[in-house]
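Right, one structure below, let's go through it.
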Amino acid sequence: MSKTPRRVVVGLSGASGMAYGIDLLQTLRRIEGLEVHLVMTQGAKRVLIEEIGKNPEEVELLADVVHRSQDIGASIASGSFRTLGMVVVPCSATSLSKIAYGIADNLLTRAAYVHLKERRPLILVPREAPLPIPTLEALLKAAQAGATILPAAPGFYTRPRSIEDLLAFMTQRVLDLLGLEYPRAVRWKEPEVVEE
């Protein structure tokens, strides 16, 4: 059996917390031999501009392959396109609900659906709070379908000194869940990380 290509799909949806997605993309870019596929919803593009003043084109430069959210026929829409997993960060309540209930009406939700059906890692990083009952129900449904729910809630036992430290904590959790080795954040009772 051939080895799974070292590919990761990153989806950015229209929720606050774009800094988490950008930090993940910047980190994945540093991992040798990894091919990063990016898909952004229209909502994500708007939030990027309004929240952190970045144009979508700037963020697209962090990926090896960029897919348009309307392109349902893209490679990442097929189960035969193998990956190590997919991360939706940030994951909006709308994208979460669509993923939880199998509504594949754009490329991001279709790629997420494919990862669930193929039993590949799908990591959803919601940031919204407080959570109303429909969102809580969608979180449960997505988890039952096989997704990993990783709330954007960085730990403080690492004694973060900057926003970058908080972002690194979440990125490290994502890397761990994907089985990717890259020193990004301090771990509990381990020596401090020195980035390459």
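Couplings 3J(HN,Hα) of region 22-31, computed from phi: 5, 4, 5, 4, 4, 6, 4, 4, 7, 8 Hz, in residue order, whole Hz [Karplus 6.51 cos²θ - 1.76 cosθ + 1.60, θ = phi - 60°; x for Gly and Pro]. With all protein chains in place and a 1.4 Å probe, the accessible surface of region 92-194 carries 55 percent carbon and sulfur.
The mean accessible area for residues of region 17-116, using a 1.4 Å probe and ignoring ligands and nucleic acids, is 41 Å² per residue. Here the simple spin-label model places points 7 Å from the Cα toward Cβ, and for Trp188 and Asp71 these points are separated by 4.2 nm.
Can you tell me the length gained on complete extension of the stretch Gln42 to Glu164, counting 0.36 nm per residue apart and subtracting the Cα distance?
On the way: separation 122, 0.36 × 122 = 43.92 nm, distance 2.61 nm.
Length gained between Gln42 and Glu164: 41.3 nm.
Using +1 at the C-beta of Lys and Arg and -1 at the C-beta of Asp and Glu, which of Tyr101, His67, Leu166 has the Cα lying farthest in the positive direction of the dipole of the chain? Farthest towards the positive end: Tyr101.
Using a 1.4 angstrom probe on the protein heavy atoms only, line up Arg7, Arg161, Arg30 by accessible area, largest first.
My answer, sorted largest first, is Arg161, Arg30, Arg7.
For His37, neighbours were defined as the other residues whose beta-carbon sits under 9 Å from its Cβ, and their charges (Lys and Arg +1, Asp and Glu -1) total -1. Amide hydrogen proximity for Val186: with H placed 1.01 Å from N in the peptide plane, the residues at 5 or more positions away or on another chain lying under 5 Å are Val193.
For region 25-72, the fraction of 1.4 Å probe accessible surface lying on carbon and sulfur atoms is 45 percent. From Cα pairs below 8 angstrom and at least 6 apart in sequence, can you work out the relative contact order of region 116-190, rounded to a whole percent? RCO, region 116-190: 29 percent.
For a quick check: with amide H placed at 1.01 Å from N, whose amide H comes under 5 Å from Val87's, ignoring anything fewer than 5 positions away on the same chain? Correct list: Val9, Val10, Gly11, Ile123.
In this structure, the amide hydrogen of Ala74, modeled 1.01 Å from its nitrogen in the peptide plane, lies closer than 5 angstrom to no residue at least 5 positions away or on a different chain. Listed values for region 71-84 are Karplus-derived 3J(HN,Hα) couplings in whole Hz (6.51 cos²θ - 1.76 cosθ + 1.60, θ = phi - 60°), namely 7, 5, x, 5, 4, 6, 8, 10, x, 6, 8, 7, 9, 7, and x replaces Gly and Pro.
Compute the Cα gyration tensor for the chain, then decide on rounded, prolate or oblate, letting a ≥ b ≥ c be the square roots of its eigenvalues: rounded whenever a/c is under 1.5, prolate when a/b is larger than b/c in the other cases, and oblate in all that remain. Rounded, since a/c falls under 1.5. Computed from the C-beta positions of Ala153 and Glu50 and an R0 of 22 Å, the FRET efficiency is 0.45 to the nearest 0.05. Could you name the lysines whose alpha carbon sits less than 25 Å from that of Lys54, not counting residues in the same chain fewer than 8 places away? By straight Cα distance, Lys54 reaches Lys45.
The values are calculated or read from the model by the stated rules, or taken from the named source; none is laboratory data. Keep in mind that what you see is a predicted model, and the values were worked out from it rather than measured. Glycine gets a Cβ as well: all are built from the backbone with ideal geometry, and neighbour counts include every protein chain shown. SASA here: full protein model, heavy atoms, side chains in, ligands and nucleic acids out. Shrake-Rupley method; radii C 1.70, N 1.55, O 1.52, S 1.80 Å.
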